[in-house]
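In what follows, a structure is listed as C-alpha cells, so that the remarks can point back to it.
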Amino acid sequence: MKILVLSPYTTGQKYKPENLLRGEDCNSPKKLKARIKELSGYNTEGWYHESRDYTAPAGEMFTGPLNTQLREGLKQIREHDQYGETTLDLYFPWYFCRVDGKDNLVNENDIIVPFDTAPLHELEVLEFGESGIPERMVALIEGYDLVFSLLRQDDILSLQRVFEVERAVTLIFLLAKSHKHVVNENLPNLHVVETGSALQKSLRTTNWALKGVVLRRLCEAACRDGFHVFEQVKQDPQQLLEIAHGQ
C-alpha cells in the first residue's frame, strides 16, 4: 500500500533569519529567484558563505510540534522490517520556497528556504487551468492508495477544487468539528476524523501537536501490531481514533 501524508507548513522552522522569504517576494519570479539565492548563502556578487546558508530539506525545516510528532512516527515505521511493500510519503502543499525553482509540491526531501507562512495561507481558491497547482496535486494524490490530510482549514479552502470531486483514492481528513464544513463528506472515499479539545485532552497533548500525535500513534500501532492496521483504517477511518487511544 502506498500512503501519502499532506502536512501544513508551520511557523516553527529550523532557521528564522531576519530576511526570511515573505509573501511579497513571490509576486515577481525575478525577485523570488534572487531572494532564494540570498537565503541559500550567496551575496549580490555571487559569493557563497555557509553562515548565510539557511537551506534545509523540508522534513527538517519544520520544527513545530505537529511535524516533530509526525516525523517521529515516520522514522519508526520506516525503520521497521515490514516497511517496503507499504510506504509512507510526506508532502507539503506550496512550492514558493523551493530552492530548485520547480513549480511542484514539496516532498520532505526537497530543499527549501525559511519563510513567513502567513501570506501563503491567504490565497484565493486555486482554479484548474491557472497556476497548475491543483492539477499537480491531483496527479500526486491519484498515485496513492490512502491519503491522510493534516492540512489546516485555509490550506483546504485554497485547494478545494482538488477535494470536491469523486476519486477512487481514500482521503482521510483530520479536522476539528468546527472545520468539517470545508470538505464534502458526501463524496465517496472522503472521510473526516474529528480532532478537537476533547481528543487533545484525552491524548494529553497540545492543539498544535494533536494531528501529528494521532499519526505517530498510528505508526506505532503498525510497528507493534502489524502493517495491516493501515488497511483497517482505510476500510474504517474512525478506527484511527481507537488506535490513537491505544485500543
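Of everything listed in (1) within 25 Å of Asp154 (Cα to Cα); (2) open to solvent by 20 Å² or more (accessible area, probe 1.4 Å); (3) out of contact with any Leu (no Cβ under 8 Å at 6 or more places or on another chain), the single unmet condition for Glu85 is (1).
Considering only residues in the stretch 190-231 that are assigned to a helix (DSSP H, G or I), under 17 Å from Ser178 (Cα atoms) and touching a strand residue (DSSP E or B) at 6+ places or on another chain (Cβ under 7 Å), the one that is modelled with the highest pLDDT turns out to be Lys211. The residues listed here are Arg216, Arg161; of these, the one that is open to solvent by less than 70 Å² (accessible area, probe 1.4 Å), closer than 17 Å to Val5 by Cα and touching a helix residue (DSSP H, G or I) at 6+ places or on another chain (Cβ under 7 Å) is Arg216.
Here Thr44, Thr10 are screened, and the one residue that is at negative phi, touching a Phe, Trp or Tyr at 6+ places or on another chain (Cβ under 8 Å) and surrounded by fewer than 20 Cβ atoms within 10 Å (Cβ to Cβ) is Thr10. Residues of the stretch 176-188 include at least one that is free of Cβ contacts under 8 Å to residues at least 40 places away in the same chain, assigned to a strand (DSSP E or B) and either more than 20 Å from Glu231 (Cβ to Cβ) or not polar (S, T, N, Q) (or both).
Quick check on the stretch 136-147. Is at least one of its residues in contact with a Ser or Thr (Cβ under 9 Å, 6 or more places away or on another chain), over 14 Å from Tyr91 (Cβ atoms), open to solvent by 10 Å² or more (accessible area, probe 1.4 Å) and in contact (Cβ under 8 Å) with a residue 24 or more places away in the chain? Checking the stretch 136-147: at least one residue is in contact with a Ser or Thr (Cβ under 9 Å, 6 or more places away or on another chain), over 14 Å from Tyr91 (Cβ atoms), open to solvent by 10 Å² or more (accessible area, probe 1.4 Å) and in contact (Cβ under 8 Å) with a residue 24 or more places away in the chain. Taking the listed residues Gly73, Gly101, the one that is touching a helix residue (DSSP H, G or I) at 6+ places or on another chain (Cβ under 9 Å) and either farther than 23 Å from Met137 by Cα or not in a loop (DSSP other than H, G, I, E, B) (or both) is Gly73, with no other qualifying. Taken together, the criteria place Lys234 among residues that are touching a residue at least 60 places away in the same chain (Cβ under 8 Å), out of contact with any Gly (no Cβ under 7 Å at 6 or more places or on another chain), open to solvent by 20 Å² or more (accessible area, probe 1.4 Å) and charged (D, E, K, R).
The values are calculated or read from the model by the stated rules, or taken from the named source; none is laboratory data. All figures in this text were calculated on a predicted structure; none of them were measured in a lab. We place every Cβ from the backbone using ideal geometry, glycine too, and count neighbours over all the protein chains shown. Surface areas here come from the heavy atoms of the whole protein model, side chains and all, with no ligands, DNA or RNA. Shrake-Rupley method; radii C 1.70, N 1.55, O 1.52, S 1.80 Å.
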